[in-house]
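Student: Let me give you the structure first, and then I'll get to my questions.
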Amino acid sequence: MSNIINTENAPKAIGPYSQAVVVGSFVFTSGQIPLCPVSGEMVGCNITEQTEQVCKNLKAVLEASGSGFKSVIKTTCFLQNMEDFAAFNEVYSKYFVSKPARSCVAVKTLPKNSLVEIEAVAEIIK
């Protein structure tokens, strides 16, 4: 049995998917891009600003599911430009202090021409 997560504190899905799904004691988030939860508009014009917003959105989804950054066990990160890797890591490391497993890949294009997208798998501690 699964539970669909939707919170107003993170951007609404821009397609036929959920912000996250809880299965058992795990939450699987959809990829978050740097959209403002209220306006739905892109936030930031560089990798640092956009990664900050992505992490805020991811935090809201994780918290809505009963989890948080400390419980993240795996992330998948998508960057539009691998030259942004160091600046991305600087912001990422402020949020993911538990150093979960991670894959980070460069992609040609992200939704709304975002520079970054992050998805996560986390444990729900009861």
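The values are calculated or read from the model by the stated rules, or taken from the named source; none is laboratory data. If you're wondering where the values come from, they're calculated on a predicted model, not measured in any experiment. Note that each Cβ is placed from the backbone with ideal geometry, even for glycine, and that neighbours are counted across all protein chains shown.
Student: Look through the range 42-67, keep the residues that are on the phi < 0 side of the Ramachandran plot and in a loop (DSSP other than H, G, I, E, B), and return whichever of them is surrounded by the most Cβ atoms within 10 Å (Cβ to Cβ).
Tutor: Initially, the range 42-67 is screened for residues on the phi < 0 side of the Ramachandran plot, giving 42-43, 45-65, 67.
With in a loop (DSSP other than H, G, I, E, B) added as a condition, the list becomes 43, 45-46, 65, 67.
Working: V43: 19, C45: 10, N46: 10, S65: 23, S67: 25.
Residue satisfying both the conditions and the ranking: S67.
Student: Look at A87 and say whether it is more than 26 Å from V22 (Cβ to Cβ), outside any strand (DSSP E or B), modelled with pLDDT of 95 or more and not hydroxyl-bearing (S, T, Y).
Tutor: Details: more than 26 Å from V22 (Cβ to Cβ): yes; outside any strand (DSSP E or B): yes; modelled with pLDDT of 95 or more: yes; not hydroxyl-bearing (S, T, Y): yes.
Answer is yes for this residue.
Student: Exactly one of (1) out of contact with any Pro (no Cβ under 6 Å at 6 or more places or on another chain); (2) in contact (Cβ under 8 Å) with a residue 24 or more places away in the chain is unmet by T75. Its number?
Tutor: Of everything listed in (1) out of contact with any Pro (no Cβ under 6 Å at 6 or more places or on another chain); (2) in contact (Cβ under 8 Å) with a residue 24 or more places away in the chain, T75 misses just condition (1).
Student: Looking at (1) of a type outside the set (D, E); (2) over 21 Å from P11 (Cα atoms); (3) surrounded by 21 or more Cβ atoms within 10 Å (Cβ to Cβ), find the lone condition where A120 falls short.
Tutor: Among (1) of a type outside the set (D, E); (2) over 21 Å from P11 (Cα atoms); (3) surrounded by 21 or more Cβ atoms within 10 Å (Cβ to Cβ), A120 violates only (2).
Student: Test T51 against the stated conditions and say whether it is hydroxyl-bearing (S, T, Y), more than 18 Å from Q19 (Cβ to Cβ) and under 13 Å from the mean Cα position of the chain (by Cα).
Tutor: Values: hydroxyl-bearing (S, T, Y): yes; more than 18 Å from Q19 (Cβ to Cβ): yes; under 13 Å from the mean Cα position of the chain (by Cα): yes.
Answer is yes for this residue.
Student: A further question on this structure: Give the residue that is surrounded by the fewest Cβ atoms within 10 Å (Cβ to Cβ), with candidates limited to residues of the range 68-99 that are among the small types (G, A, S) and under 19 Å from N9 (Cβ atoms). Outline the logic, then answer.
Tutor: From the range 68-99, those among the small types (G, A, S) are 68, 71, 86-87, 93, 98; that's our starting set.
Now narrow it down to the ones that are under 19 Å from N9 (Cβ atoms): 68, 71.
Working: G68: 15, S71: 20.
Filtering first and then ranking leaves G68.
Student: I'd like the full set of residues that are in contact with a Leu (Cβ under 9 Å, 6 or more places away or on another chain) and among the acidic types (D, E), limited to the range 80-126.
Tutor: Once the filter is applied, which keeps residues that are in contact with a Leu (Cβ under 9 Å, 6 or more places away or on another chain) and among the acidic types (D, E), the range 80-126 yields D84, E117, E119.
Student: Separate question: If V97 satisfies every condition in (1) of a type outside the set (G, A, S); (2) more than 28 Å from S2 (Cβ to Cβ); (3) in a helix (DSSP H, G or I) but one, which is the exception?
Tutor: All conditions pass for V97, except number (3).
Student: Residue check: is V38 closer than 23 Å to K112 by Cβ and aliphatic (A, V, I, L, M)?
Tutor: Numbers: closer than 23 Å to K112 by Cβ: yes; aliphatic (A, V, I, L, M): yes.
Spelling it out, V38 is indeed closer than 23 Å to K112 by Cβ and aliphatic (A, V, I, L, M).
Student: Also, I was wondering about something else. Of the residues E90, E83, which is in contact (Cβ under 8 Å) with a residue 40 or more places away in the chain, among the charged types (D, E, K, R) and over 18 Å from I33 (Cβ atoms)?
Tutor: Details: E83 fails: in contact (Cβ under 8 Å) with a residue 40 or more places away in the chain.
Being in contact (Cβ under 8 Å) with a residue 40 or more places away in the chain, among the charged types (D, E, K, R) and over 18 Å from I33 (Cβ atoms) holds for just one of E90, E83, which is E90.
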